[in-house]
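Read-outs: derived from the displayed coordinates by stated rules, not from any lab. Keep in mind that what you see is a predicted model, and the values were worked out from it rather than measured. Here the Cβ is made from the backbone with ideal geometry for all residues, glycine too, and neighbour counts use every protein chain on show.
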Amino acid sequence: MPHTIRCPSGLTGTIRGLKVREERVLADRKIAKAGGVVDELLRACWEETEDYGLYSFDAGKTDWDKVLQGDRFFALLQIRALTYGPDYAFAITYREDACRARIEWELDLDHLPVRPLCGESRDAFLAGSRIETRLPDAGHRVWFRLLTGADERKQLLGVESYLDRFFAKEQSDDADIFSTIAYRVVDGDTLFNLAGPLLRAAAARVRILVGDR
């Protein structure tokens, strides 16, 4: 029976759960190093598009490189829930060295709050995805754009490069690796690096999808 989902931007379509082939994709190191795991899963498990929402794709084709990261992540969560069930159990270890307590937690993926893409962000994306804001403490004006699948692949390739260089004990510069998705201050021409949060986010996406198996 088709399972229809509606992503935060309005992209709507039917999905199926993972099969043995997709399970093998998750363990394929070559695909992972090329940053293609998420795309492979989305292409395989997204069966039909019913409404393209804000995207302008050729009929019958969904270009996941151009789909917003929030839509991609939402679709992955739904595929995960459809495959393994909505219950997601995990553990969190308290970060203080003096404690290091392990806290067991469980989420129902079917009931996570989902915020639709707001009109302002939608308009900005359609106009080229340049969004301006001001940092509340520093007072600097900054601009950013909403990440797409192509940006996500660059992130993952950057993570792979970083880890390869780290384990090879080579010097690495996070600012270079993640420069394509950093904030840029307009009136100071300074880059605010987001490497730490992006590394954590990438790890979280993989962990939620495949679980602690």
Out of the residues in region 68-89 meeting the condition of being of a type in the set (A, V, I, L, M) and touching a Leu at 6+ places or on another chain (Cβ under 7 Å), tell me which one is farthest from LEU18 (Cα to Cα).
LEU68
Can you report the number of residues in region 59-101 which are surrounded by fewer than 11 Cβ atoms within 10 Å (Cβ to Cβ) and in a loop (DSSP other than H, G, I, E, B)?
10
Reported set for region 117-146 where residues are out of contact with any Phe, Trp or Tyr (no Cβ under 7 Å at 6 or more places or on another chain) and in a loop (DSSP other than H, G, I, E, B) is LEU117, CYS118, ALA127, GLY128, SER129, LEU135, PRO136, ASP137, ALA138, GLY139, HIS140, ARG145
The condition from (1) surrounded by 11 or more Cβ atoms within 10 Å (Cβ to Cβ); (2) in contact (Cβ under 8 Å) with a residue 12 or more places away in the chain; (3) under 28 Å from GLY53 (Cα atoms) that THR133 misses is numbered (2)
